[in-house]
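The values are calculated or read from the model by the stated rules, or taken from the named source; none is laboratory data. Quick caveat: nothing in here was measured; it's all calculated off a predicted structure. Note: ideal-geometry Cβ built from the backbone for every residue, glycine included; neighbour counts use all protein chains shown.
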């Protein structure tokens, strides 16, 4: 059977594999880059240690911790959440870091601090021109939504948008002069 046929067989029969094929199947899936399937096969066949090992090697500490927790190994799960928290923060994967912090049951102010660090990190990567374009697109959509409306709310929105455009033009003019 070719490697491709083996992978197809494994994926189609993942939950029905005879026990003697599970370990070689896990290895085949890992070598094929199908690590999620390998983790699932290991976990579903009672090989939690192997599933955790693969998940950690892939940097998926959240899944590894969940597998450990479901296997009744709370201390290992906590250690994996802590390792994951450190790893995710160092890799600037703040969404996952927040999940690890929540898995650890950290106080909400600590979780919020991690979240805010993520927001700051994301802001650094956003170019001002892209933000301005996005804001203009939103404003245009809002103007389109207001077409045909002559109520007080629509008028207040139009006024606020005109004032903001004027402030934006002033800021742009000042930026050009500096």
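Could you run through the range 93-114 and say how many residues are exposed (fewer than 13 other Cβ atoms within 10 Å of the Cβ) and within 20 Å of residue 58 (Cβ to Cβ)? Adding up the residues that qualify gives 1.
Scanning the range 69-81 for residues that are crowded, with 17+ Cβ neighbours inside 10 Å and within 11 Å of residue 103 (Cβ to Cβ) yields 77, 80, 81. The residue that is nearest to residue 55 (Cα to Cα), counting only those in the range 14-28 that are surrounded by 13 or more Cβ atoms within 10 Å (Cβ to Cβ) and under 31 Å from the mean Cα position of the chain (by Cα), is 26. Among the residues of the range 115-138, is any surrounded by fewer than 12 Cβ atoms within 10 Å (Cβ to Cβ), at pLDDT below 80, part of a loop (DSSP other than H, G, I, E, B) and more than 33 Å from the chain's Cα centre (by Cα)? There is no residue in the range 115-138 that is surrounded by fewer than 12 Cβ atoms within 10 Å (Cβ to Cβ), at pLDDT below 80, part of a loop (DSSP other than H, G, I, E, B) and more than 33 Å from the chain's Cα centre (by Cα).
For the range 149-159, the criterion of a residue being modelled with pLDDT under 75, in a helix (DSSP H, G or I) and surrounded by 10 or more Cβ atoms within 10 Å (Cβ to Cβ) is satisfied by no position.
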